[in-house]
Amino acid sequence: MATYTLPELPYDYAALEPVINPQIIELHHDKHHAAYVKGANDTLEQLAEARDKEAWGAINVLQKSLAFHLSGHILHSIYWHNMTGDGGGEPLAADGVGDLADAITESFGSFAGFKAQLTKAAATTQGSGWGVLAYEPVSGKLIVEQVYDHQGNVGQGSVPVLVFDAWEHAFYLQYKNQKVDFIEAMWAVVNWQDVAKRYAAAKERADVLLLAP
């Protein structure tokens, strides 16, 4: 039995129009995300074979492959739920996400400052990668990270709560090479209810994420 499975989308392919067209959603989920799930499972099998045979010549390649595919699977699983056709705007107490709104203000000075930083981080990630809002348990604050490929350049222990996919397969069919336009458009479909739930869960787990205070 496979360790990892492709999750179903929480909406149909057309749910995020006009920000993301149905063809992109279908290809992105059914092909790209599925490939990361298969890659993670295949790599686990290869690692098991390496252990059985005590053949470690490819250990560095296999460990990198596992990190790449597993992180791709996890980030995409967050990504789908971070978006909704009824989303956008900014988190407000009136919508039941006041704790998240307060944390953004405390961590970044203002929502506008946070939005500008995450937009720039996602749009300027070199090559393929992500812009990520994460809960950092040492400080108890939110931070913005640039994730190269799927797993590099992150603070250890930080928990992603909002992710912007800046790989070309996420936007090229619709936005061509205008990555900045895609990232700007993404703000219209952010599911703040989902982000707030992830933030609350990350805070609750903070005491078990670290070995020492």
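The values are calculated or read from the model by the stated rules, or taken from the named source; none is laboratory data. Remember, predicted model here, so these are calculated numbers, not experimental data. Backbone-built Cβ (ideal geometry, glycine too); neighbour counts: all protein chains shown. Accessible surface is based on the protein model in full, side chains and every heavy atom, while ligands, DNA and RNA are left aside. Shrake-Rupley method; radii C 1.70, N 1.55, O 1.52, S 1.80 Å.
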Could you list, in sequence order, the residues of region 88-104 that are surrounded by fewer than 16 Cβ atoms within 10 Å (Cβ to Cβ) and farther than 26 Å from ALA14 by Cβ? LEU92, ALA93, ALA94, GLY96, GLY98, ASP99, ASP102
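In this structure, does VAL138 turn out to be of a type in the set (A, V, I, L, M) and either without any contact (Cβ under 8 Å) to a residue 60 or more places away in the chain or farther than 19 Å from TYR199 by Cβ (or both)?
So VAL138 does not fit the description; no.
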Just a yes or no: is a residue in region 109-127 touching a Phe, Trp or Tyr at 6+ places or on another chain (Cβ under 6 Å) and open to solvent by 20 Å² or more (accessible area, probe 1.4 Å)? no
Note down all Cβ pairs under 7 Å where the first residue falls in region 100-123 and is under 19 Å from ALA200 (Cα atoms), the second is assigned to a helix (DSSP H, G or I) and of a type in the set (A, V, I, L, M), and they're at least six residues apart or on different chains. LEU100/VAL195; LEU100/ALA196; ALA101/ALA93; PHE111/ILE104; PHE114/ILE104
Out of everything in region 167-182 that is in contact with a Phe, Trp or Tyr (Cβ under 6 Å, 6 or more places away or on another chain) and not in a loop (DSSP other than H, G, I, E, B), what residue ends up being least open to solvent (accessible area, probe 1.4 Å)? PHE182
Which one is most open to solvent (accessible area, probe 1.4 Å) among residues in region 74-87 that are out of contact with any strand residue (DSSP E or B) (no Cβ under 6 Å at 6 or more places or on another chain) and among the small types (Gly, Ala, Ser)? GLY85
Criterion first (in contact (Cβ under 8 Å) with a residue 60 or more places away in the chain, over 12 Å from the mean Cα position of the chain (by Cα) and closer than 25 Å to GLY109 by Cβ) does VAL163 satisfy it? no
Could we say that GLU204 is more than 24 Å from GLY89 (Cα to Cα) and either modelled with pLDDT under 95 or aliphatic (A, V, I, L, M) (or both) here? yes
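Per-residue answers, yes or no, for (1) of a type in the set (S, T, N, Q); (2) over 25 Å from ASN153 (Cβ atoms); (3) touching a helix residue (DSSP H, G or I) at 6+ places or on another chain (Cβ under 8 Å):
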site: ALA40; (1), (2), (3): no, no, yes
site: ALA48; (1), (2), (3): no, yes, no
site: ASP86; (1), (2), (3): no, yes, no
site: PRO91; (1), (2), (3): no, yes, yes
site: ALA103; (1), (2), (3): no, no, yes
Residues in region 29-41 that are within 12 Å of SER65 (Cα to Cα), open to solvent by less than 50 Å² (accessible area, probe 1.4 Å) and not aromatic (Phe, Trp, Tyr): how many? 4
Picked from region 1-44 (must be acidic (Asp, Glu) and outside any helix (DSSP H, G or I)), the residue nearest to HIS150 (Cα to Cα) is GLU8
Whichever residue in region 128-166 is open to solvent by less than 20 Å² (accessible area, probe 1.4 Å) and not in a strand (DSSP E or B) and, among such residues, is modelled with the lowest pLDDT: HIS150
